[in-house]
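Worksheet: the structure to be examined is printed underneath.
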Amino acid sequence: ALGGFDDDASTKALLAMLAEKEDEYNLVPKGFAVMSLGRLGGKQALAALLVLADERSAKGHYKSQEKLESPTRGYAALALGLYARPMETRQGPYDRPRHQRALDLRAARLADGDEKLEMRTACAVALGLAGRTESLPKLQAVAGKLGKRDELIAGYLLLARGMLGDSGMIKPAARLLREANDDTSVAGILARRAAV
C-alpha cells in the first residue's frame, strides 16, 4: 500500500523495514517493502536498492555468503526492474534518474556465470519488467551461451524475452517444453513454468 503513496513518509517507513535484521518472520514483509520502493522510485529508494542487490556493502566490503544468498537480494533486482520502467505522465513517458545504470548492473549480474543462479534469474526477469526492448540483445546474448545444465536460467530468459515481445523466443520455449517432460527436478519444473 505504501508503494502507491509517493511521499517522504512512505519511503521512510519502507527504508526502516529494510533496516531491520532479517529473519524467517520478516522475510516476506521485507520483500514487499523492497518491491514497493522500486515502484515508488526516488533517490533514497534507488540507493538502497542498488546496495541491497550488489555483492558489496555500502562501505565496499564483500557481503557474507548469507547475505549473498538472501531472497531479499533477488527482490531488490526485481524492484530495480520496476524502477527502470518508463513512467507515464500527462506530458508523456518519463525516465527516472539513473534508470540505465540500474539496467546495466542487472545485465552484468545476469551475464556473470559466477553469480548465484537465483540472482541471475531475478536479473533476467528484472530486464523484462523494465519493459525496454533495448535489453533484448543482452538477454539473447546470454541465452546463446547456455548449455544443457542451464535449464532454469534458460526458462527465465524466455520469460523476460516474452515480456519484451521477442517473437524469437517461441521456438526455444516450445523446444524446452517438449524436451524437458521427464525432468522432475525443481529446476526443470521452474524452467518449464517460466517458459509457459
Using a Gaussian network for the chain with springs between C-alpha atoms less than 10 Å apart, which of these wobbles most: 100, 65, 140?
65
Give, as a single signed number, the net charge of other residues whose beta carbon lies under 14 Å from the beta carbon of residue 21, with Lys and Arg counted +1 and Asp and Glu -1.
-3
What trypsin sites (Lys or Arg not before Pro) in the range 1-66 are in a loop by DSSP, with at most 16 other Cβ atoms within 10 Å of the Cβ?
21, 59, 63
Convex hull projection area averaged over all views, the range 22-97, Cα basis, nm²:
5.4
Normalised by the empirical 2.2 N^0.38 Å for globular proteins, what value does the Cα Rg of the range 95-196 take?
1.03
Within 10 Å of each candidate Cβ there may be at most 14 other Cβ atoms; applying that plus a DSSP loop requirement, which GluC sites (Glu not before Pro) in the range 47-129 survive?
69
For the range 1-66, shape from the Cα gyration tensor axes a ≥ b ≥ c, cut at a/c of 1.5 then a/b versus b/c, turns out oblate
The ³J(HN,Hα) series, computed from each phi in the range 97-110 with the Karplus coefficients 6.51, -1.76 and 1.60 at θ = phi - 60°, rounded to the nearest Hz and given as x for glycine or proline, is x, 6, 4, 5, 4, 4, 5, 4, 5, 5, 5, 5, 5, 4
If every alpha-carbon in the chain counts as one equal scatterer, what log10 I(q)/I(0) does Debye give at q = 0.12, 0.17 1/Å?
-0.61, -1.13
Quick calc, the chain, dipole around Cα centre from Cβ unit charges on Lys, Arg (+) and Asp, Glu (-), nearest 20 debye, gives 460
What FRET efficiency comes out for the pair residue 117/residue 21, r = Cβ-Cβ distance, R0 = 22 Å, nearest 0.05?
0.30
Pick from 165, 147, 131: which is most flexible by mean-square fluctuation in a GNM of the chain where alpha carbon atoms under 10 Å apart are linked?
147
Compute log10 of I(q)/I(0) for the range 104-149 with the Debye formula, placing one identical point scatterer on every Cα and leaving out solvent, at q = 0.13, 0.17, 0.25, 0.34 Å⁻¹, to two decimals.
-0.25, -0.42, -0.91, -1.41
Tell me, what HN-Hα J-couplings in whole Hz come from the Karplus equation 6.51 cos²θ - 1.76 cosθ + 1.60 at θ = phi - 60° for each residue of the range 13-20, using x for Gly and Pro?
5, 5, 5, 5, 5, 5, 6, 5
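Each value in this text was obtained by applying a stated rule to the coordinates, not by laboratory testing. Quick caveat: nothing in here was measured; it's all calculated off a predicted structure. No Cβ is skipped: glycine too gets one built from the backbone with ideal geometry, and neighbour counts run over all protein chains shown.
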